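Written out below as structure tokens is the structure these notes cover.
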């Protein structure tokens with residue numbers, strides 16, 4: 001006695017095509033850094049001033065504002081990118097638009113951190129505090145913080 005079995009196979013695309021389409025997308029990166037075209041203050045470019053604060057000199061200690069700001073905002077940027085990736089696995093404009101928004105949010109969060117977050121260590125010398133009238137590094141005019149930019153590359 002022979003038993004006959006019928007089998008029906010249905011191929012359902014559950015998103016593999018979308019994932020594979022990303023191979024054609026350009027690689028995008030959000031870069032946070034000091035804008036080279038931000039001008040200068042007191043005869044020193046914003047990039048030179050940022051380098052002095054980041055790395056220090058023989059008389060000015062390194063305070064690492066970019067490193068500290070980027071580390072502070074990194075978790076929220078990563079969460080935003082994860083949300084974008086889970087909801088925007090499409091091509092082109094939606095992904096690029098989302099990345100641009102995340103870059104702007106990252107830039108704003110880093111600036112807020114530098115303006116109102118913990119003071120950058122080590123503290124300013126007492127002579128510097130007296131000359132500036134306040135004890136927070138980077139806040140003479142705010143121009144250096146304003147020169148912090150985030151942009152999408154790729």
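A short reminder: the numbers here are calculations on the coordinates, not readings from a lab. In this text the structure is predicted, and so the values were computed from the model without any measurement. Neighbour counts run over all protein chains shown; Cβ positions are idealised from the backbone, glycine included.
Once the Cα atoms are used to define both axes, helix 46-55 deviates from the longest principal axis of the chain by about 90 degrees. Note on Cα extents along the principal axes in Å: of the candidates (i) 47, 31, 25; (ii) 102, 30, 24; (iii) 56, 41, 29, the value calculated from this structure sits at (ii).
Length gained on full extension, residue 4 to residue 97: 27.9 nm, using 0.36 nm per residue less the C-alpha separation. Nearest 10 degrees, 0 to 90: what angle lies between the long axis of helix 65-87 and the longest principal axis of the chain (Cα atoms)? Orientation of helix 65-87: about 20 degrees from the principal axis. For the range 90-135 versus the range 24-51, the spacing of their alpha-carbon centroids is 13 Å. Between the helical axis of 93-116 and the longest alpha-carbon principal axis of the chain there is an angle of about 30 degrees.
Calculated FRET efficiency, residue 51 to residue 16, Cβ-Cβ distance, R0 = 35 Å: about 0.15 to the nearest 0.05.
Given their separation in residues at 0.36 nm each and the Cα-Cα distance between them, residue 35 and residue 134 gain 33.1 nm when the chain is fully extended.
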